[in-house]
Amino acid sequence: MTQYIIKRLLLLPLLLFIFSVFAFFIIQAPPGDFVTSYIAELAASGSSMDQAQIEALREQYGLDQPLIVQYFRWVGGMLRGDFGVSLDWKRPIMELIKERLLLTVLLGAATFIISWSLAIPIGIISATKQYSFIDYFFTVFNYLGVATPTFMTALVLMWLAYSYFGISVTGLFSPEYVDAPWSLARVIDLLKHLWLPALILALDGTARLARVMRANLLDELNKPYVEMARAKGMSEWRLVLKYPVHLAINPLVSTIGWYLPMLFSGSVIVATVLNLPTIGPLLLRSLTNQDMFLAGVIVLIYCFLAIIGTLISDVLLAWLDPRIRMEA
Amino acid sequence: MTPLLSVRNLKTHFFLDEGVVKAVDGVDFDVFPGQVVGIVGESGCGKSVTIKSVMQLIQKPGRIIDGQILFRHHDEAGRETIIDLAQLDPHGKTIRSIRGAEIALIPQEPMASFSPVHTIGDQIMEAILLHLDVDEEEARRIAVERLHEVGMPNPEQRLNAYSWELSGGLRQRAMIAMSLACNPRLLIADEPTTAIDVTTQAQVLNLLLTLQKQHNMAIIFITHDLGVIAQIADFVVVMYLGRVMESGPVEDIFFNPQHPYTKALLESIPSIYAPAGKRLPTIEGSIPHPFSRPSGCPFHPRCKAFMPGVCNAAIPKLKAINDRQSVSCFLYDHAPAIVEGS
Ligand SMILES: Nc1ncnc2c1ncn2[C@@H]1O[C@H](COP(=O)(O)OP(=O)(O)OP(=O)(O)O)[C@@H](O)[C@H]1O
Ligand SMILES: [Mg+2]
């Protein structure tokens, strides 16, 4: 088991290298560069730059160098902890994303915990009480959850909160804490705001997970080992939780791998609607403005999260399922 | 001697949207302490449903709708009382204290009957901890002893093995060890040897017989293989379409069969005494679909001794025809029978 984890960890740098190449070249793929779009922006506002200024700007950001050199400067900087400067914001990227990254991870974790702790019990109850009232109730709930786009839920809740309670549920902080330094009061304020977006984002995941859990468990409940556990004299709840639930959860655990990055990209619209200071909207803006170093860093962080997510789910799965442990 | 288990007129039906499947429709038999009772019958005749009913393991949409399953139960204080298992709540405490402790099961598929993600030691010890008042260490000791008893090599190490790491024969031995964990007085083996090869089959049968003598248990042994019945059973129950056609001591069933179905079944076994080149007789017709049960005696459409107006009009009751055998057939029975629909 430890060996397996070490093996996977050793693969990490290699994967990161490959992903960094991909990230860099995908970001470079669109025609033009930041300076081109900067000039266009200037032109739109009526001003312009002469050729010498443009060259100077290109040189300043190293955009005149061959791609390969640009890539190694970029990666080299990151290895030294220097993520470079955002062309668009004219600020160090590290500074820009630090807090947003933390908030995104917090929101992701909260969403994850809410959706799993709702979905697993719902799936278990629906499956063990198949075709009962409660099963139908959850089935309807799940359909609604899957069918309603999350930004829609967000809009409806925003409207309800505003028109009935007069409160604004956007953002992750009250106005007085937005730019305040971290303190206990700010953390409490964050928790007060975090639950709603987390719940909105979790709703969708809960519905999906619960449906899969129900289906998996229904399959497992008819397996002979369940009957054998009954024949041993185990009580129904105990045996259901020990045997079929364990086997029904395993396939779900393997979805954690792509859950992390999916949550980040999937939440872009909700984050925009709710005006959340998370990474998603930042990526969107950096891409439209061709702020390629910022976009590159964010894409790379996504890749890193995907790798970490897969690692976590693989380790969890190996821990839960000896058959996978043996293969590894 | 009084029987350990008496099944009387047991009826277990499945209520499907398409109709009612009368999987077991009036079954009677007794099991005496220390006796090996073999239940034979073609696939789908209700053998598994019968024994699942005895253990109250029938799941929706199935239900025991009639009959008695009388069992000599030892309660916590050690007193012996006769209880009707058919009346018990399938999730209740009483039946759970009987399952695994007094009546144990060896299932049809040993591979699928162990959880693949729990060690066999975990699963055997669980059976022990459920019923015996022992700590984990003692449970482990008993588990090792049982594995040793069933001829498992290196029992200590095997506690940490998973079922899929064992060969078919060893897996079935582990299953037997688990079933015997609490010294049951009645062991129900549902075709325990179908999933394993012939040589291993013989070893497992011998093992079961040895253990049966050591523990002085009664066994209900289910199979569709008359050869296996001949090896292991003291008493035989022949089933067809959810009913008992004939029952009696093994010698009588083999050498003096009475029911036309039993006779047909025996004729269809290959014999080395038969003249070479002679075609093996088979039972004519095929087993009817569960939804379209024949009226009257379920076997009448395939029966050589079919009596029109009698066999298809009413269901014959299982009656003793001498002091050993019982048969449900109008050839032997002129007393009033169960009239259709009653
Ligand atoms: N859960 C169920 N739902 C509906 N019908 C069922 C169910 N379980 C069993 N039956 C029906 O009951 C009848 C008897 O089944 P049973 O499993 O007892 O047969 P069997 O004698 O054990 O056969 P085999 O030798 O193949 O194991 C069959 O017709 C089967 O279709
Ligand atoms: Mg069966």
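The values are calculated or read from the model by the stated rules, or taken from the named source; none is laboratory data. Values in this document were obtained by computation on a predicted structure and should not be read as measured data. Note that each Cβ is placed from the backbone with ideal geometry, even for glycine, and that neighbours are counted across all protein chains shown. What goes into the accessible areas is simple: the full protein's heavy atoms, side chains included, and nothing from ligands, DNA or RNA. Shrake-Rupley method; radii C 1.70, N 1.55, O 1.52, S 1.80 Å.
The calculated pair-distance distribution of chain B uses every alpha carbon pair, bins of 10 angstrom beginning at 0, and gives 5, 24, 32, 24, 11, 3, 0 percent.
Counting only protein heavy atoms and using a 1.4 Å probe, the accessible area of A:Phe24 comes to about 10 Å². Residues considered: B:His224, B:His131, B:His74. Largest GNM mean-square fluctuation over chain B, using C-alpha springs under 10 Å, is found at B:His74.
Helices in chain B that qualify as membrane-span-like (whole DSSP H runs, Cα extent of at least 15 Å along the helix axis, mean Kyte-Doolittle hydropathy of -1.0 or higher) are B:120-131, B:168-179, B:198-215. Note on the protein assembly as shown: with charges restricted to the Cβ of Lys and Arg (+1) and Asp and Glu (-1), its dipole about the Cα centre is near 720 debye. A crude spin-label estimate for the pair A:Ile54 and A:Ser174, with each label 7 Å from Cα along the Cβ direction, gives 5.2 nm. For B:Lys213, the aspartates and glutamates whose Cα falls under 18 Å of its own Cα, not counting residues fewer than eight places away in the same chain, are B:Glu102, B:Glu145, B:Glu149, B:Asp234. Taking label points 7 Å from Cα along the Cα-to-Cβ direction, A:Thr255 and A:Leu191 give a separation of 2.9 nm.
Here segment B:170-249 and segment B:31-105 have alpha carbon centers that stand 16 Å from each other.
Calculated FRET efficiency, A:Ser183 and A:Val156, Cβ-Cβ r, R0 25 Å, to nearest 0.05?
Working: r = 33 Å, r/R0 = 1.33.
Taking R0 as 25 Å, the efficiency between A:Ser183 and A:Val156 is 0.15.
Our coupling estimate for segment A:277-286, obtained by passing each phi through the Karplus curve with A = 6.51, B = -1.76, C = 1.60 and θ = phi - 60°, is x, 10, 5, x, x, 5, 5, 4, 5, 5 Hz, Gly and Pro reported as x. The local environment of B:Lys47, defined by Cβ-Cβ distances under 9 Å, has a net charge of -2 under the rule Lys, Arg +1 and Asp, Glu -1. Among A:Asp291, A:Asp204, A:Asp82, which one moves the most in a GNM of chain A with springs linking Cα atoms closer than 10 Å? Sorting by GNM fluctuation, first place goes to A:Asp82. Centroid-to-centroid, using Cα positions, segment A:207-239 and segment A:61-95 are 54 Å apart.
Of the cross-linked pairs B:Lys22/B:Lys52; A:Lys7/A:Lys98; A:Lys223/B:Lys52, those separated by over 20 Å at the C-alpha level are A:Lys7/A:Lys98. Largest GNM mean-square fluctuation among B:Phe15, B:Phe254, B:Phe299, using chain B with Cα springs under 10 Å: B:Phe15. Approximating the spin labels as points 7 Å out from Cα along Cα→Cβ, the B:Asn160-to-A:Ala147 distance works out to 5.3 nm. In chain A, helical runs assigned H by DSSP with n ≥ 4 each contribute -39500 (n - 2.57); averaged across all residues and rounded to the nearest 500, the mean residue ellipticity at 222 nm is -25500 deg cm²/dmol. Equivalent ellipsoid of segment B:1-147: semi-axes from √(5λ) of the C-alpha gyration tensor, largest first, are 28, 20, 15 Å. Using a probe of 1.4 Å on the protein chains alone, the accessible area found for A:Thr139 is around 40 Å².
Just to make sure I understand: if all protein chains stay in place, what is the order of A:Arg186, B:Arg173 by accessible area at 1.4 Å, largest first?
On the way: A:Arg186 0, B:Arg173 35 Å².
Correct descending sequence by accessible area is B:Arg173, A:Arg186.
With no solvent and one point per C-alpha, what does the Debye sum give as log10 I(q)/I(0) for segment A:130-257 at q = 0.16 Å⁻¹? The calculated log intensity ratios at q = 0.16 Å⁻¹ are -0.92.
Using a 1.4 angstrom probe on the protein heavy atoms only, could you order B:Lys317, B:Lys52 from most to least accessible area? Please report the intermediate quantities before stating the final value.
Details: B:Lys317 90, B:Lys52 60 Å².
Sorted descending by solvent-accessible area, the residues read B:Lys317, B:Lys52.
Based on the Cβ-Cβ distance from A:Arg323 to A:Phe17, what FRET efficiency comes out when R0 is 35 Å, to the nearest 0.05? Intermediate values should be presented prior to the final figure.
Working: r = 32 Å, r/R0 = 0.91.
FRET efficiency, A:Arg323 to A:Phe17: 0.65.
With a Förster radius of 30 Å applied to the beta-carbon distance between B:Ser286 and B:Val198, the computed FRET efficiency rounds to 0.65.
Taking chain A, how much of its Cα-Cα pair set, in percent, is spaced more than 34 angstrom apart?
Details: 21805 of 53628 pairs.
Taking all Cα-Cα pairs of chain A, the fraction more than 34 Å apart is 41 percent.
Give me the percent of accessible area attributable to carbon and sulfur for segment A:15-79, probe 1.4 angstrom. Answer for segment A:15-79: carbon and sulfur cover 67 percent of the accessible area. Using a cutoff of 8 angstrom between alpha carbon atoms and counting only pairs six or more residues apart, the relative contact order for chain A works out to 26 percent. In whole angstrom, segment B:117-183 maps to an equivalent ellipsoid with semi-axes of 18, 12, 10, each derived as √(5λ) from the alpha carbon gyration tensor and ordered largest first.
For segment B:117-183, with all protein chains in place and a probe radius of 1.4 Å, 42% of the accessible heavy-atom surface sits on carbon or sulfur. If you count the DSSP beta bridges with both ends in the protein assembly as shown, what percent of them are antiparallel, to the nearest 5? Given both bridge residues lie in the protein assembly as shown, the antiparallel proportion sits at roughly 65 percent. Here the scattering of the protein assembly as shown is modelled by Debye summation over its C-alpha atoms, one equal scatterer each and no solvent; at q = 0.07, 0.10 Å⁻¹ the log10 of I(q)/I(0) is -0.67, -0.99.
For segment B:13-71, the percent of C-alpha pairs falling in each 5 Å distance bin, counted from 0 to the bin holding the largest distance, reads 4, 16, 28, 25, 17, 7, 3, 1, 0. Counting only the Cα atoms, segment A:194-328 fills a convex hull of 128 Å³ per residue. Taking every C-alpha pair closer than 8 Å and separated by at least 6 residues, the mean separation divided by the residue count of chain B gives a relative contact order of 19 percent. Using a probe of 1.4 Å on the protein chains alone, the accessible area found for B:Cys303 is around 30 Å². If you sort B:Leu88, B:Leu331 by accessible surface, 1.4 Å probe, largest first, the order is B:Leu331, B:Leu88. So for the protein assembly as shown, taking the charge dipole from beta-carbon charges (+1 Lys/Arg, -1 Asp/Glu), which of B:Gly309, B:Pro153, A:Gly84 sits furthest toward the positive end? Projecting each Cα onto the dipole axis, the largest value belongs to B:Gly309.
Over the Cα atoms of segment A:54-171, each weighted equally, I'd like the Debye log10 I(q)/I(0) at q = 0.12, 0.18, 0.20, 0.22 Å⁻¹, rounded to two decimals. Computed log10 I(q)/I(0) values: -0.76, -1.05, -1.17, -1.26. Here segment A:15-79 has an Rg and Dmax of 14.2, 46 Å, counting Cα atoms alone.
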